[in-house]
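The values are calculated or read from the model by the stated rules, or taken from the named source; none is laboratory data. Nothing here was measured: the structure is a model prediction, and the numbers come from that model. Counting neighbours? That spans all protein chains shown, and the Cβs are built from the backbone with ideal geometry, glycine included.
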Amino acid sequence: LAAREAAHAAALEQAWVEGHAAGCAAGEAQAGAAFADAAGALDAAVREVQAHEARWMGDLRAHVAALAVAVAQHVVGREVAADDALVVALTTRAVAEFPAGEALVARVHPDDLDALKAAWDGAPREGAVRWMPDARVARGGALIEGRERIVDGRVDAALERLYRALAGHVA
(Lines give C-alpha, C1' and ligand atoms only; values in the text may rest on other atoms or scores of the structure.)
Protein backbone atom coordinates (compact mmCIF):
# COMPACT_ATOMS: atom_id res chain seq x y z
CA LEU A 1 0.00 0.00 0.00
CA ALA A 2 2.74 2.39 0.82
CA ALA A 3 4.42 1.60 -2.48
CA ARG A 4 1.18 2.26 -4.35
CA GLU A 5 0.68 5.53 -2.54
CA ALA A 6 4.25 6.53 -3.26
CA ALA A 7 3.76 5.63 -6.95
CA HIS A 8 0.47 7.53 -6.99
CA ALA A 9 2.12 10.55 -5.33
CA ALA A 10 4.99 10.39 -7.84
CA ALA A 11 2.50 10.20 -10.73
CA LEU A 12 0.59 13.19 -9.33
CA GLU A 13 3.77 15.14 -8.95
CA GLN A 14 4.85 14.19 -12.50
CA ALA A 15 1.41 15.28 -13.82
CA TRP A 16 1.70 18.52 -11.89
CA VAL A 17 5.20 19.17 -13.30
CA GLU A 18 4.03 18.40 -16.84
CA GLY A 19 0.87 20.49 -16.42
CA HIS A 20 2.84 23.35 -14.96
CA ALA A 21 5.35 23.21 -17.82
CA ALA A 22 2.55 23.04 -20.40
CA GLY A 23 0.74 25.92 -18.71
CA CYS A 24 3.91 28.01 -18.61
CA ALA A 25 4.60 27.26 -22.28
CA ALA A 26 1.04 28.15 -23.24
CA GLY A 27 1.19 31.34 -21.16
CA GLU A 28 4.51 32.33 -22.68
CA ALA A 29 3.16 31.68 -26.19
CA GLN A 30 0.06 33.73 -25.44
CA ALA A 31 2.14 36.53 -23.91
CA GLY A 32 4.51 36.42 -26.90
CA ALA A 33 1.58 36.71 -29.32
CA ALA A 34 0.12 39.60 -27.31
CA PHE A 35 3.53 41.29 -27.25
CA ALA A 36 3.94 40.81 -31.02
CA ASP A 37 0.48 42.33 -31.57
CA ALA A 38 1.33 45.27 -29.31
CA ALA A 39 4.72 45.74 -31.00
CA GLY A 40 3.04 45.67 -34.44
CA ALA A 41 0.47 48.23 -33.32
CA LEU A 42 3.22 50.41 -31.86
CA ASP A 43 5.24 50.13 -35.08
CA ALA A 44 2.19 51.11 -37.15
CA ALA A 45 1.54 54.07 -34.83
CA VAL A 46 5.17 55.21 -35.12
CA ARG A 47 4.99 55.03 -38.94
CA GLU A 48 1.75 57.03 -38.90
CA VAL A 49 3.26 59.68 -36.63
CA GLN A 50 6.36 59.86 -38.85
CA ALA A 51 4.21 60.25 -41.97
CA HIS A 52 2.16 62.98 -40.27
CA GLU A 53 5.34 64.70 -39.13
CA ALA A 54 6.76 64.58 -42.67
CA ARG A 55 3.55 66.13 -44.07
CA TRP A 56 3.52 68.74 -41.32
CA MET A 57 7.18 69.61 -41.86
CA GLY A 58 6.63 69.81 -45.62
CA ASP A 59 3.70 72.14 -45.09
CA LEU A 60 5.69 74.17 -42.57
CA ARG A 61 8.62 74.45 -44.98
CA ALA A 62 6.31 75.62 -47.78
CA HIS A 63 4.60 78.14 -45.48
CA VAL A 64 7.89 79.53 -44.17
CA ALA A 65 9.21 79.78 -47.74
CA ALA A 66 6.04 81.57 -48.86
CA LEU A 67 6.29 84.00 -45.94
CA ALA A 68 9.98 84.68 -46.61
CA VAL A 69 9.32 85.33 -50.30
CA ALA A 70 6.31 87.54 -49.53
CA VAL A 71 8.46 89.65 -47.20
CA ALA A 72 11.25 89.79 -49.79
CA GLN A 73 8.76 90.75 -52.50
CA HIS A 74 7.39 93.57 -50.35
CA VAL A 75 10.86 94.90 -49.47
CA VAL A 76 12.23 94.57 -53.01
CA GLY A 77 9.11 96.14 -54.50
CA ARG A 78 9.36 99.11 -52.15
CA GLU A 79 13.08 99.56 -52.82
CA VAL A 80 12.70 99.28 -56.60
CA ALA A 81 9.85 101.80 -56.64
CA ALA A 82 11.90 104.25 -54.59
CA ASP A 83 15.30 103.88 -56.26
CA ASP A 84 15.76 104.29 -60.01
CA ALA A 85 19.47 103.49 -59.62
CA LEU A 86 18.53 100.01 -58.39
CA VAL A 87 16.30 99.50 -61.44
CA VAL A 88 19.15 100.60 -63.71
CA ALA A 89 21.63 98.30 -61.93
CA LEU A 90 19.33 95.27 -62.19
CA THR A 91 18.64 95.89 -65.86
CA THR A 92 22.31 96.58 -66.61
CA ARG A 93 23.20 93.24 -65.05
CA ALA A 94 20.71 91.47 -67.35
CA VAL A 95 21.96 93.34 -70.44
CA ALA A 96 25.57 92.44 -69.54
CA GLU A 97 24.74 88.79 -70.22
CA PHE A 98 24.86 89.53 -73.95
CA PRO A 99 27.78 90.40 -76.26
CA ALA A 100 28.32 94.16 -76.55
CA GLY A 101 27.44 94.42 -80.24
CA GLU A 102 24.28 92.34 -80.15
CA ALA A 103 21.02 94.18 -80.77
CA LEU A 104 18.64 93.68 -77.88
CA VAL A 105 15.00 94.26 -77.02
CA ALA A 106 14.46 95.12 -73.37
CA ARG A 107 10.92 94.73 -72.03
CA VAL A 108 10.52 96.73 -68.84
CA HIS A 109 7.72 98.11 -66.70
CA PRO A 110 6.39 101.42 -68.11
CA ASP A 111 7.22 103.23 -64.84
CA ASP A 112 10.88 102.20 -65.20
CA LEU A 113 11.21 103.20 -68.85
CA ASP A 114 12.17 106.87 -68.47
CA ALA A 115 14.84 106.17 -65.85
CA LEU A 116 16.35 103.41 -67.97
CA LYS A 117 16.36 105.47 -71.16
CA ALA A 118 18.00 108.37 -69.30
CA ALA A 119 20.65 106.11 -67.77
CA TRP A 120 21.42 104.48 -71.13
CA ASP A 121 21.42 107.74 -73.11
CA GLY A 122 24.96 108.09 -74.45
CA ALA A 123 26.04 104.67 -73.15
CA PRO A 124 28.33 102.59 -75.40
CA ARG A 125 25.39 100.36 -76.37
CA GLU A 126 23.28 103.33 -77.46
CA GLY A 127 20.95 102.22 -80.20
CA ALA A 128 21.74 98.55 -79.55
CA VAL A 129 19.00 98.31 -76.91
CA ARG A 130 15.42 98.94 -77.93
CA TRP A 131 13.36 99.72 -74.82
CA MET A 132 9.78 98.47 -74.82
CA PRO A 133 7.23 99.19 -72.11
CA ASP A 134 5.52 96.02 -70.88
CA ALA A 135 3.10 96.22 -67.96
CA ARG A 136 3.42 92.44 -67.45
CA VAL A 137 6.99 92.97 -66.23
CA ALA A 138 7.06 94.01 -62.56
CA ARG A 139 8.92 97.15 -61.57
CA GLY A 140 12.67 96.67 -61.40
CA GLY A 141 12.71 93.69 -63.71
CA ALA A 142 13.45 93.23 -67.37
CA LEU A 143 13.13 90.62 -70.06
CA ILE A 144 16.11 91.06 -72.34
CA GLU A 145 15.74 89.40 -75.74
CA GLY A 146 18.75 88.74 -77.93
CA ARG A 147 19.20 86.81 -81.18
CA GLU A 148 19.50 83.40 -79.56
CA ARG A 149 18.18 83.67 -76.02
CA ILE A 150 16.21 85.61 -73.46
CA VAL A 151 17.55 86.65 -70.07
CA ASP A 152 14.79 86.78 -67.50
CA GLY A 153 15.75 89.57 -65.14
CA ARG A 154 12.29 89.88 -63.63
CA VAL A 155 12.34 90.22 -59.86
CA ASP A 156 9.05 88.36 -59.47
CA ALA A 157 10.38 85.41 -61.49
CA ALA A 158 13.54 85.32 -59.36
CA LEU A 159 11.43 85.35 -56.20
CA GLU A 160 9.31 82.51 -57.60
CA ARG A 161 12.48 80.49 -58.22
CA LEU A 162 13.60 81.31 -54.68
CA TYR A 163 10.27 80.11 -53.27
CA ARG A 164 10.50 76.83 -55.20
CA ALA A 165 14.03 76.25 -53.94
CA LEU A 166 13.15 77.06 -50.32
CA ALA A 167 9.95 75.03 -50.36
CA GLY A 168 11.66 72.08 -52.00
CA HIS A 169 9.56 72.18 -55.15
CA VAL A 170 11.08 70.98 -58.39
CA ALA A 171 10.71 72.98 -61.63
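Might you check whether a residue that is under 28 Å from residue 156 (Cα atoms), at pLDDT 80 or above and part of a helix (DSSP H, G or I) occurs anywhere in region 43-56? Break it down into steps so the answer makes sense when it comes.
Kept after step one, since they are under 28 Å from residue 156 (Cα atoms), are these residues of region 43-56: 55-56.
Filter again for at pLDDT 80 or above, leaving 55-56.
Checking the rest, the ones that are also part of a helix (DSSP H, G or I) come to 55-56.
Yes, region 43-56 contains at least one residue that is under 28 Å from residue 156 (Cα atoms), at pLDDT 80 or above and part of a helix (DSSP H, G or I).
Being modelled with pLDDT of 85 or more and of a type in the set (Asp, Glu) is the filter here; which residues of region 117-141 pass it?
134
Mind listing whichever residues of region 88-104 are of a type in the set (A, V, I, L, M) and over 13 Å from residue 148 (Cβ atoms)?
From region 88-104, those of a type in the set (A, V, I, L, M) are 88-90, 94-96, 100, 103-104; that's our starting set.
Residues satisfying the conditions are 88, 89, 90, 94, 95, 96, 100.
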